[in-house]
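Okay, structure first, notes after.
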Amino acid sequence: MNPPARPNLLDFDRPSLAAFLRQRGEQPYRADQVVQWVYQRGEDDFGAMTNLSRVLRGQLADWLEIRLPEVVADTPSRDGSRKWLLRLADGNCIESVFIPEQDRATLCLSSQVGCALNCDFCATGYQGFNRNLDTGEIVGQLLLAWRALQRPGQGRRPITNVVMMGMGEPLANFDNVVRAMRLMQDDLAFGLSRRRITLSTAGMVPAMDRLKQACDVSLAVSLHAPTDALRDRLVPLNRKYPIAELMAACRRYVAGEARRRITFEYVMLDGVNDSEAQARQLVALLRPVPAKVNLIPFNPFPGSGYRTSPRVRIDRFREILLGAGILTVTRKTRGDDIDAACGQLAGRFRDRTRRRLALEAAAR
Ligand code: SAH
């Protein structure tokens, strides 16, 4: 397939669009108008942007295109969540998931086609890795869902929260993810506050520090084990950035801000990481970190080789953390009937040969 000829408008945040227009002799404030049209009004035809001159509308259409992923499947779950399978310009497919709750409506976005980290219990990892998503492919997921959920005349936002917890490791696609999250925060685009955007990482320590500088959103860390011996096996990235370094990076991320916490995700694997002794090890590990813990019942997929911890053991684990004063919730499994739950997103894609290269790069 030939690469598309014109840049995708969705790859630009507002400052970079202003710079693009300035280079072409246009007033930079035109970027404000275009961004409002595209993200606030959902317009994807430059010709309809009526507060721009006819000439400029024509030029914009010559310079740029507004390229959204194509919806291949739109699947509702019986619990109200909803999954989109989206095809990108190169034929790869990714998934995003909408999760409505009483007090918020969350969209879970993918950041890569596949994932190179190869966590032992994750279906995305089993699929291998193909490539990073562009900024426009990340905000495109949000824009599509926003438009699909928006009801005419309804003032409320159809999506109040975004979590970078779909396919991929967002910090391994740093620049594109940061640019996308800036658009999410931009008042002329999606206008989400930084508290309402959560990035989840398997623990890419140097990138966590860079994130704090570049785009200070809420941080979730996929911990899953209280010791290096076990975490090395479950999350191979731990061999590069072991737990002590990860905890130090977490402390730096929230340093000096009294009420900020890191969310630690902990997938409950039967007989692997769910004992009372491991709960107590976790308590000791988290004592110096302002933490909240999300226990995630393992979502099975064919060939994983793991089972979900029994409910009583999850409850006991949670009681031990709560007893030590650590705010702990058991995440409700949503969308498991449509394979939309944590760790079940697989998408469809071509060419997994790059996986080996990416793994080697991550190990270096
Ligand atoms: N790479 C990032 C983003 C993925 S977020 C990260 O690791 O944080 C997806 C979350 O779901 C992570 O906490 C991940 O560890 C968890 N997860 C993966 N597979 C799962 C499964 N089968 N069941 C439950 N949770 C899973």
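The values are calculated or read from the model by the stated rules, or taken from the named source; none is laboratory data. Here the structure is a predicted model, which is why all the values come from computation and not from measurement. Cβ: placed from backbone, ideal geometry, glycine included. Neighbour counts: every protein chain shown. Ligands, DNA and RNA are stripped out before the accessible areas are found, and what is left, the full protein with its side chains, is counted by its heavy atoms. Shrake-Rupley method; radii C 1.70, N 1.55, O 1.52, S 1.80 Å.
Compute the FRET efficiency between ARG24 and THR50 as 1/(1 + (r/R0)^6), taking r as their Cβ-Cβ distance and R0 = 25 Å, and round to the nearest 0.05.
Details: r = 21 Å, r/R0 = 0.82.
According to the calculation, E is roughly 0.75.
Can you tell me how region 9-63 classifies by the Cα gyration tensor, rounded, prolate or oblate, using a/c under 1.5 as the rounded cut? List each step's numbers first, then the result.
Values: a/c = 1.60, a/b = 1.11, b/c = 1.44.
Oblate, since a/c reaches 1.5 and b/c is not below a/b.
Express in Å², to the nearest 10, the accessible area of VAL254 obtained by rolling a 1.4 Å probe over the protein heavy atoms while all chains stay in place.
Around 10 Å² of this residue is reachable by solvent.
Kindly express, to the nearest 10 degrees and within the range 0 to 90, the angle between helix 54-63's C-alpha long axis and the longest C-alpha principal axis of the chain.
Rounded to the nearest ten degrees, it is 50.
Give the residue from GLY128, TYR241, SER304 lying farthest towards the positive end of the charge dipole for the chain; charges sit on Cβ (+1 for Lys and Arg, -1 for Asp and Glu) and the dipole is referred to the Cα centre.
Value computed over the given set: TYR241.
Which order do the peptides 185-198, 160-173 come out in when sorted by mean C-beta neighbours inside 10 angstrom, highest first? Please report the intermediate quantities before stating the final value.
Working: 185-198: 16.7, 160-173: 24.1.
Sorting 185-198, 160-173 by mean packing, highest first, produces 160-173, 185-198.
Which value at 222 nm does the chain reach when only helices count, each DSSP H run of 4 or more adding -39,500 (n - 2.57), with the total divided by all residues and rounded to the nearest 500 deg cm²/dmol?
-10000 deg cm²/dmol
Rounded to the nearest 10 degrees, what's the angle between the helix 174-185 long axis and the longest principal axis of the chain, both from Cα atoms, 0 to 90?
70
Quick check for you: with a 1.4 Å probe and neighbouring chains kept, what is the accessible area per residue of the chain, in Å²? Let's see the in-between values first.
Working: 16320 Å² over 364 residues.
Per residue, the chain has an accessible area of 45 Å².
Angle check, please: helix 243-254 long axis (alpha carbons) against the longest principal axis of the chain (alpha carbons), in degrees 0 to 90, nearest 10.
50
Keeping the other protein chains in place, figure out the carbon and sulfur percent of the accessible area of the chain, with a 1.4 Å probe.
Details: 7830 of 16320 Å².
Taking all protein chains in place, the chain shows 48 percent carbon and sulfur surface.
Can you compute the charge dipole magnitude of the chain about its Cα centre, using +1 on each Lys and Arg Cβ and -1 on each Asp and Glu Cβ, nothing else charged? Give it in debye, rounded to the nearest 20.
540
Along the charge dipole of region 70-363, Cβ charges K/R +1 and D/E -1, which of GLN112, LEU149, ASN92 sits furthest on the positive end?
LEU149
Could you tell me which GluC sites (Glu not before Pro) in region 61-145 are loop residues by DSSP with no more than 15 other beta carbons within 10 angstrom of their beta carbon?
Hits after loop and neighbour filter: GLU101.
Explain nothing, just the number: dipole magnitude of region 240-349 about its Cα centre with +1 on each Lys and Arg Cβ and -1 on each Asp and Glu Cβ, in debye rounded to the nearest 20. All intermediate terms of the calculation are to be shown ahead of the outcome.
On the way: 18 positive and 11 negative charges, 83 e Å.
Dipole of region 240-349, to the nearest 20 debye: 400 debye.
Amide H to amide H, which residues 5 or more places from THR201 or on other chains are under 5 Å from it, using H placed in the peptide plane?
It is ALA220, VAL221, SER222, by chain and number.
When a/c is below 1.5 the answer is rounded, else prolate if a/b is larger than b/c, else oblate, so apply that to region 70-363 with a ≥ b ≥ c taken from the square roots of the Cα gyration tensor eigenvalues. List each step's numbers first, then the result.
Details: a/c = 1.36, a/b = 1.28, b/c = 1.07.
Cα axes put region 70-363 in the rounded bin.
Order 9-17, 314-322 from most to least packed using the mean count of other Cβ atoms within 10 Å.
9-17, 314-322
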